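Q: Just dropping this structure here.
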Amino acid sequence: MIADVLNGILLMLWRVVSDQPAPLAALLPALPEALRPVVSAVLCVSPIIGVFATLFALTTLMERKGLGRIQNRLGPNRVGPFGILQPAADGLKMLTKEDIIPRSADKLVHFLAPVALAVPTLLAYAVLPYGRNLVPLDLDAGLLFFFAVGASTELAIFMAGWSSHNKYSLLGAMRAIAQMISYEIPLILSAVTVVMIAGSLSPAHIVARQDGFIWGWVPHWYVLTPWGFVGFLIFTTASLAESNRSPFDLPEAESELIAGHLTEYSGFKYALFFLAEYLGMFAISGLGVTLFLGGWQAPLPGLDWVPSYLWFFSKLILMVFIFIWIRGTVPRLRVDQLLNLAWKFLLPLALINLFTAAIWHFTAVWQFPGALLLRWLLSAVMIGGAYVVLGRALSPRKKVSLRTYRYAT
Amino acid sequence: MQIPFAIIAALTIVAGIAAMSLRKLVHCALCLALVFAGLAAMYLQLGAQFVGFAQILVYIGAVAILVVFAILLTNSSSSLLPTVRSRSWVFGLVVAVLVFATLVKVILASSTVAGRSLPENPLPTVKDLGTQMMTYYILPLEVMGLLLTAATIGAVIIAMQEKKPVEPLKPGSAGAPPTHP
Amino acid sequence: MLGEGIIKGMAETARNFFGSYHDADRMTTVQFPEDRIPAKENARNFPFLVFDGEDPAKGLRCVACQICEKECPPKCIYIVKDTVKKPDYIGKLQFQPRVFDIDVSVCMSCQICVEVCPFEAIKMDTDYEFGTADRFGGLLLNKQRLAKPNTYYRKIHATEAAEVDERLAAEKAKAEAKAKADAEAKARAAATAAAAKATPTPVVSPTAPAIAPAPAK
């Protein structure tokens, strides 16, 4: 019995590592019937939490080091060799801090808010395909599930902002919600193009559709089509805003709002918020990888022997690195600029991109020589023209001049 | 099958009662969001994935936020309300009973309760739903779309500031934008 | 066009990122406790007391006049005068402070004490490593910790110290010259007095310098 279980565990681990199908099926038959659902759930959930918590720790370090290098500094290098133990020090500091609750706060809501934020964020990981055979939950409407749980985090942020009974918290929460609602629309619209072309809402199916290579070496990823490229840019911009990252970090703009909805949180609850923020960033990056960058597919033919989950995670880390790079470069936007960008630029562009994707889809039957070039040109003209016109409309028309005050002396 | 249903139902009902009877408006709104979540869980339990996720996306992600924003912007979030007892509670009771009776009648008339067999494909895929919506139910879909567009345009018109020639402010005239009911 | 600036900025940060790995000149910071940037001539943070010679007990320039204590805006200086007079750097008998404390947790580094000191006794230091586990006693600097030799002052603020030394030397020379003149005058007076004893005539005392009356309070 015990030997069977051990054998099953080893076989399961081997199947996971070597990218073979049905790793869970190796262990479950060795267990009693009643235990199977529980064990299978635990075995699905715990690696996600473990892997992404580790990735969170690594990312905080990578971010601080990378930002340092971008600003010609070294970054943290004191704890452990090259500072690699810095996340452990940060974590210890965070968890041993006093947990302060303001006297006038709404205690119950204040307590529930971090939980209500962390739970949907973790739920979003359920539908991502991490590897060829590593899909925790292959839902038919997986993409919808992802966006649904993503949307329910907004209420948690409101709870945090309102219950703290602090003006900065409330202002930060209002900003966060306005921003998240505004950017959810371009985010979903850019994902809809992929759904339209792939003909499915299931992430695993979408990745499977990006299989194969054009001309034998260009991967058949959606980012390498005109609509996919623009869609990926829109998706990345909107996901920056969704995960409250710079340059869209207005909700916690330190220079004006202390820390936004996090102002009154400390210790473990703050750590939970921090964790949820990073986990949300990973989840949405993972979705971007799944939708546009071919998920776990290898970038070149002949690289299939590398386990597929390694490709997924290297693409994920690449996305995270781009996020850090953007954070190190672009200054924070103003609120009106933020909303104008969402409603006057990204939304029309996403709609035009949707049309372009439709044209791309319907011209796929063209067979004459040069058809691909013509399709590319057509799409480029459509999207490029819209980009230039919308970009012109977005940039301020007024000349900057000295301000005159009519009523003040 | 029965225990999860019992848990979800109890949660939904308790949250619903709380949403009606709590004294802080924001608490009521949060409880309402909990009710929405309970309903979504019930849809999911019945195997209606698309409806369940759409319920979460629309109701928790948008409607609850809208309610909360409305409460905040009308500036009554901090004040404790006295326990509400409507004067027209008899009328409300009549409406509630009528709605309940209609629902009971519909539920009793449904195939499951009447003992008839379930439809052949109890778990339609999203693709099936989409196909149905774009073919058989195209007219209702378009009418709903038109209605929502009209509502959006109306909201924009109400919110839009009317352009007036700029005049210097006179004492006495507040220069307030035109108010709309 | 929209996005042009972002791409330029991203290129710049990427250049910084990769450049920082092979070009040490780009680095704007040093590894603090091991590497230090040499202090700037004008760096200053907290005051210290200057003494001449080797022994702080003897050579302290401070005469406990308490002007700095009165002028200090956050009131971080505490002085108790000694009861016996000791000779100062020009040999004049002066009080010395028995207690001279500065609470650096209160000090705001305004340098007013230095400006008002007529004896060049208090100067600004460049030392900033006051980290301590005892935030009350550890940050209250007493006379022993505050007293630092003039050579140290010359080291941290060379130009300023040279000026001060010059001024003090001039003052000392003047005082010595005056003392010498006084002694000579005294000797002369004694001689004349001795002569006058022989021929008694009334001595005309030199008129004392008019002292301006203190302004009425």
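The values are calculated or read from the model by the stated rules, or taken from the named source; none is laboratory data. For clarity, every value in this text was computed on a predicted model and none was experimentally measured. Here the Cβ positions follow ideal geometry from the backbone for every residue, glycine too, while neighbour counts run over all protein chains shown. Accessible surface areas use protein heavy atoms only, side chains included; no ligands, DNA or RNA. Shrake-Rupley method; radii C 1.70, N 1.55, O 1.52, S 1.80 Å.
Q: Restricting to segment A:1-43, and then to whatever is open to solvent by less than 40 Å² (accessible area, probe 1.4 Å) and of a type in the set (A, V, I, L, M, F, W, C), can you tell me which residue is farthest from A:Asp304 (Cα to Cα)? Outline the logic, then answer.
A: We begin by selecting, within segment A:1-43, every residue open to solvent by less than 40 Å² (accessible area, probe 1.4 Å); these are A:5, A:8, A:12, A:18-19, A:23, A:26-28, A:30-31, A:39-40.
When the remaining residues are screened for being of a type in the set (A, V, I, L, M, F, W, C), the result is A:5, A:12, A:26-28, A:30-31, A:39.
Working: A:Val5: 31, A:Met12: 21, A:Ala26: 23, A:Leu27: 26, A:Leu28: 28, A:Ala30: 31, A:Leu31: 33, A:Val39: 31 Å.
Looking at the filtered set, the residue picked out is A:Leu31.
Q: For segment C:35-63, name all the residues that are part of a loop (DSSP other than H, G, I, E, B), hydrophobic (A, V, I, L, M, F, W, C) and open to solvent by less than 40 Å² (accessible area, probe 1.4 Å).
A: The answer is C:Ala43, C:Phe46, C:Cys62, C:Val63.
Q: Output the residue which, of all residues in segment A:88-110 that are touching a Lys or Arg at 6+ places or on another chain (Cβ under 9 Å) and within 13 Å of another protein chain (Cβ to nearest Cβ), is farthest from A:Gly286 (Cα to Cα).
A: Once the filter is applied, the top-ranked residue is A:Asp106.
Q: Could you grab me the full set of residues in segment A:188-207 that are assigned to a helix (DSSP H, G or I) and aliphatic (A, V, I, L, M)?
A: Once the filter is applied, which keeps residues that are assigned to a helix (DSSP H, G or I) and aliphatic (A, V, I, L, M), segment A:188-207 yields A:Ile188, A:Leu189, A:Ala191, A:Val192, A:Val194, A:Val195, A:Met196, A:Ile197, A:Ala198, A:Ala204, A:Ile206, A:Val207.
Q: Another one. Any idea which of A:Leu300, A:Leu333 is within 30 Å of A:Arg132 (Cα to Cα) and in contact (Cβ under 8 Å) with a residue 12 or more places away in the chain? First the steps, then the outcome.
A: On the way: A:Leu333 fails: within 30 Å of A:Arg132 (Cα to Cα).
The unique qualifying residue is A:Leu300.
Q: Here's something else I'd like to know. Counting only residues that are farther than 24 Å from C:Val164 by Cα, give me the strands (runs of 3 or more DSSP E) lying completely in segment C:64-147 with at least 1 of them.
A: The qualifying strands (runs of 3 or more DSSP E) are C:77-87, C:93-103.
Q: Examine segment A:201-214 for a residue that is within 12 Å of another protein chain (Cβ to nearest Cβ), open to solvent by less than 20 Å² (accessible area, probe 1.4 Å) and in contact with a helix residue (DSSP H, G or I) (Cβ under 8 Å, 6 or more places away or on another chain), and state whether such a residue exists. Lay out the reasoning, then the answer.
A: Going residue by residue through segment A:201-214, those that are within 12 Å of another protein chain (Cβ to nearest Cβ) are A:201-202, A:205.
Then drop every residue that is not open to solvent by less than 20 Å² (accessible area, probe 1.4 Å), which leaves A:202.
Now narrow it down to the ones that are in contact with a helix residue (DSSP H, G or I) (Cβ under 8 Å, 6 or more places away or on another chain): A:202.
Yes: one or more hits.
Q: Scan B:Gly52, B:Gly38, B:Gly92 and give me the residue that is surrounded by 10 or more Cβ atoms within 10 Å (Cβ to Cβ), modelled with pLDDT of 85 or more and away from chain A (no Cβ under 14 Å).
A: Working: B:Gly52 fails: away from chain A (no Cβ under 14 Å); B:Gly38 fails: away from chain A (no Cβ under 14 Å).
Residue meeting the stated conditions: B:Gly92.
Q: Moving on. So A:Trp325 fits all but one of (1) more than 11 Å from chain C (Cβ to nearest Cβ); (2) under 30 Å from A:Leu58 (Cβ atoms); what number is the exception?
A: With (1) more than 11 Å from chain C (Cβ to nearest Cβ); (2) under 30 Å from A:Leu58 (Cβ atoms) applied to A:Trp325, the lone miss is (1).
Q: From the list A:Leu128, A:Leu122, which one is more than 12 Å from chain B (Cβ to nearest Cβ), under 16 Å from the mean Cα position of the chain (by Cα) and surrounded by 24 or more Cβ atoms within 10 Å (Cβ to Cβ)?
A: Result of the check over A:Leu128, A:Leu122: A:Leu128.
Q: Restrict the check to segment A:293-315 and report whether at least one residue is within 14 Å of chain C (Cβ to nearest Cβ), in contact with a helix residue (DSSP H, G or I) (Cβ under 8 Å, 6 or more places away or on another chain) and not β-branched (Val, Ile, Thr). Before the answer, list the steps.
A: Our first condition is that a residue be within 14 Å of chain C (Cβ to nearest Cβ); within segment A:293-315, this holds for none.
For segment A:293-315, residues within 14 Å of chain C (Cβ to nearest Cβ), in contact with a helix residue (DSSP H, G or I) (Cβ under 8 Å, 6 or more places away or on another chain) and not β-branched (Val, Ile, Thr): absent.
Q: Let me ask you something else. Residue pairs, Cβ under 9 Å, 6 or more apart or interchain, first in segment A:59-87 and free of Cβ contacts under 8 Å to residues at least 12 places away in the same chain and more than 12 Å from every other protein chain (Cβ to nearest Cβ), second surrounded by fewer than 18 Cβ atoms within 10 Å (Cβ to Cβ) and among the small types (Gly, Ala, Ser). List them.
A: A:Val79/A:Ala88; A:Val79/A:Ala89; A:Gly80/A:Ala88; A:Gly80/A:Ala89
Q: Separate question: Could you go through segment C:28-50 and let me know if any residue there is within 14 Å of chain A (Cβ to nearest Cβ) and either under 25 Å from C:Gln111 (Cα atoms) or of a type in the set (A, V, I, L, M, F, W, C) (or both).
A: Yes; the residues of segment C:28-50 include at least one that is within 14 Å of chain A (Cβ to nearest Cβ) and either under 25 Å from C:Gln111 (Cα atoms) or of a type in the set (A, V, I, L, M, F, W, C) (or both).
Q: Of all residues in segment B:132-174, which are surrounded by 10 or more Cβ atoms within 10 Å (Cβ to Cβ) and either modelled with pLDDT under 65 or outside any helix (DSSP H, G or I) (or both)?
A: If the condition is that a residue be surrounded by 10 or more Cβ atoms within 10 Å (Cβ to Cβ) and either modelled with pLDDT under 65 or outside any helix (DSSP H, G or I) (or both), then B:Tyr136, B:Tyr137, B:Leu169 are the ones that fit.
Q: Looking at segment A:139-148, which of the residues that are part of a helix (DSSP H, G or I) and within 7 Å of chain B (Cβ to nearest Cβ) is farthest from A:Leu108 (Cα to Cα)? Explain how you work it out, then say what you get.
A: Quick first cut of segment A:139-148, residues part of a helix (DSSP H, G or I) only: A:142-148.
Now drop any that are not within 7 Å of chain B (Cβ to nearest Cβ), which leaves A:144-145, A:147-148.
Values: A:Leu144: 30, A:Phe145: 28, A:Phe147: 27, A:Ala148: 25 Å.
Looking at the filtered set, the residue picked out is A:Leu144.
Q: Mind listing just one residue for me: the one in segment C:134-155 that is polar (S, T, N, Q) and under 14 Å from C:Pro47 (Cα atoms) and, of those, surrounded by the fewest Cβ atoms within 10 Å (Cβ to Cβ)?
A: Step by step, filter segment C:134-155, then rank; the result is C:Gln144.
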